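The numbers here are math on the coordinates, done by the rules we state, and not lab data. As the structure is a prediction and not an experimental result, all values here were calculated from the model. Please note: Cβ atoms are built from the backbone with ideal geometry, for glycine as well, and neighbour counts cover all protein chains shown.
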Amino acid sequence: MFSVFKQINGLCVCVALVLVLIAAMFLALAVGTVKIPMEQIYAAVISQLQSGTSLDGALKGSVHDIVWQLRLPRIVLAAAVGAGLASSGVIMQAIVKNPLADPYILGISSGASLGATAAILLGIGAFMGENFIGLAAFTGAFAISLLVLFISNLGGRSNSVKLLLAGMALSAVC
């Protein structure tokens, strides 16, 4: 009986958090260099969702463009990135079995900084473009992650202690 109440309570919390997220997204649509009243935002969102095309006279104009082409894509992307970061943080905490786990523990951040620094010092960033530095940082983080997994699997199956030790050692090397 208690588990049913616990499931219902968890479901209510999830529904409440989704509603808070939607409310925060609507508030974020109103904030910017151009202040848009909530009524206009609501009208633009509802009319776009109902018709699906921008042929309607109510959909033309600056409010529609600001909401649908500038602010809403950024807000949705921010929510997706936040969800991804939260998921990866929970996964890292579960793998390491430490509620204080972060990318520094396994040396991932050190690998990323090593990759970015190597791209800058070797001049690859200037040759390939400034966006290549981020790609080099990703490559360094990915390489160190694979190396941590390889080292922790030496001498038998990997566990959280081996992961931590390999990560700290490679972090110090980087």
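Distances between every pair of Cα atoms in segment 61-141, grouped in 5 Å steps from 0 to the bin holding the largest one, split as 3, 14, 13, 12, 14, 14, 14, 9, 5, 2, 0 percent. Working note: Debye formula, equal point scatterers on the alpha-carbon atoms of segment 108-173, no solvent; log10 I(q)/I(0) at q = 0.19, 0.27 Å⁻¹ is -0.67, -1.00. Highest mean first, the peptides 97-107, 141-151, 31-41, 111-121 sorted by other C-beta atoms within 10 Å per residue fall in the order 111-121, 141-151, 97-107, 31-41. Couplings 3J(HN,Hα) of segment 32-44, computed from phi: x, 5, 9, 7, 10, x, 4, 4, 5, 5, 4, 5, 5 Hz, in residue order, whole Hz [Karplus 6.51 cos²θ - 1.76 cosθ + 1.60, θ = phi - 60°; x for Gly and Pro].
For residue 27 and residue 168, the FRET efficiency from 1/(1 + (r/R0)^6), where r spans their Cβ atoms and R0 equals 41 Å, is about 0.45. Once C-alpha pairs closer than 8 Å and six or more residues apart are averaged by separation and normalised to the residue number of the chain, the relative contact order reads 17 percent.
Whole-Hz Karplus values for segment 158-174 come out as 6, 9, 5, 5, 5, 4, 5, 5, 5, x, 5, 5, 6, 5, 5, 5, 5 Hz, taken residue by residue from phi with 6.51 cos²θ - 1.76 cosθ + 1.60 and θ = phi - 60°; glycine and proline positions read x.
Remark: segment 2-96 is approximated by an ellipsoid whose semi-axes, taken from the C-alpha gyration tensor as √(5λ), come to 34, 18, 12 Å, largest first. Highest GNM mean-square fluctuation among 152, 109, 47, for the chain modelled with Cα contacts below 10 Å: 47.
Expressed as a fraction of 2.2 N^0.38 Å, the value expected for a compact globular protein of N residues, the C-alpha radius of gyration of the chain is 1.49.
Taking θ as phi - 60° and the Karplus parameters 6.51, -1.76 and 1.60, the scalar couplings of segment 74-81 work out to 5, 5, 5, 5, 5, 5, 5, 5 Hz in sequence order, x denoting glycine and proline.
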